[in-house]
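Values in this text are rule-based calculations from the coordinates and carry no lab data. Since the structure is predicted, the reported quantities are computational estimates derived from the model, not experimental observations. Note: ideal-geometry Cβ built from the backbone for every residue, glycine included; neighbour counts use all protein chains shown.
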Amino acid sequence: MRFVLLTLLVGLLAVAAGAVTIVVPDAELGIFEIQDAVVLADPGDTVLVMSGTYDSVSAFWTPLGRRSAVVEISKDIVLLGAFGSAVEIDHSGAEYGILVQNVSESAVISNLTIVGGEARDKGLLDDGDGRFLAAGICCVDAASPTITDVSIEEGATGVVIRTESGSADSAPVLERVVVARGSHHGIFIYENGASPVVIYRCTLVDNFDVGIYVSGGNAEISSSAITNNGKSGIHAYLAMPSVIYCNVYWNDQVFPNQGTGPLNYSGALDDLTGIDGNISVEAYYCDFVGTAGYDYHVCASDPVSPHHEAGEGGVTIGALDAVCTGCQSPVESASWGAIKALYRR
């Protein structure tokens, strides 16, 4: 299993002699949007994005046809937000926040937030397979980027991975990625290369459909929190992903199975609770719906979240560390009226 370490990003920032850092914005260079800097960047360069909201839309050719995105990455560069959540890509006017095509794992997307996107009808009508047509990040054409410390909220699908099934390396790595409150799947994997997509220490919460959907692809899912999604937590079709040390809890809230409890696993996957370190217990986020505004860090005490140090090797399960005490809004305490209200936007 390929685990991404924080030292990886440090190493990538000092790649080869001659690599440069391009700052966004830079009035002297005429750079005001992220795509301006990406066009100028050479492989190995870093695009460093300052605080702000970026929403300029461009069109690009893809294996799926002509698609719109705020940013398109088709070379091995590092896209780095300078201040995390203060760097926001808003793709309300585009199909994708970031479109990634035919890059290696040396292409890095890190430390930023993606919001917006064309919200679908949440399963009520046929929308032409919105799993592909709107996403925070879309990886196609053998794209194998490393995606770390990214938050994707209030969009459609969080991350779409539709790469080359015959390619040995078309397998992105996702570490410490949050996908929350989307109107479709959290992560949708539709075929990939021989290597598995790595999903490590991610949080998929309160998405309308499936937390992680693996269709004909290959994935290793570990130390991740997949909770309170509308349908299954993890669904596998023509696939058998590895799932270890995850908390898959209280999913299937749109059409719950009366008398049998939540459907946390579905498709080719049996219930994995109690196997390979997997648990299914109340997550205890710092604040699920309260005054903190959906804070998906987990409780360090009073009560201690089962996420805390329960991952493989003693890491905290999920993308965000345990930082709060006295959690006031556990998922299970929400009324059905409050749950339904989450899906009325």
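In table form, for the structure just shown:
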read-out: Whole-Hz couplings from phi, Karplus 6.51/-1.76/1.60, listed for segment 187-204; x for Gly and Pro; value: 10, 10, 9, 10, 6, 7, x, 5, 6, x, 5, 9, 10, 10, 6, 10, 10, 10
read-out: Computed lengthening from Ala27 to Met240, 0.36 nm per intervening residue step minus Cα-Cα distance; value: 71.7 nm
read-out: Cα Rg over Rh - segment 53-282, Kirkwood; value: 0.95
read-out: Antiparallel DSSP beta bridges within segment 53-282, percent to nearest 5; value: 5 percent
read-out: Mean separation of Cα contacts under 8 Å, 6 or more apart, over the residue count of segment 53-282: relative contact order %; value: 12 percent
read-out: Shape of segment 19-110, Cα gyration tensor, a/c cut at 1.5; value: oblate
read-out: Note, ³J(HN,Hα) from phi for segment 218-223, Karplus 6.51, -1.76, 1.60, rounded to Hz, x at Gly and Pro; value: 9, 8, 10, 10, 9, 6
read-out: Efficiency of FRET between Met50 and Gln328 - r from beta-carbon atoms, R0 25 angstrom, step 0.05; value: 0.15
read-out: Contour minus Cα-Cα distance for Val20 and Val57 (0.36 nm per residue); value: 10.8 nm
read-out: Long-range amide H partners of Tyr285 with built H, under 5 Å; value: Val331
read-out: When segment 169-280 is reduced to its Cα atoms, the Kirkwood hydrodynamic radius in Å; value: 13.4 Å
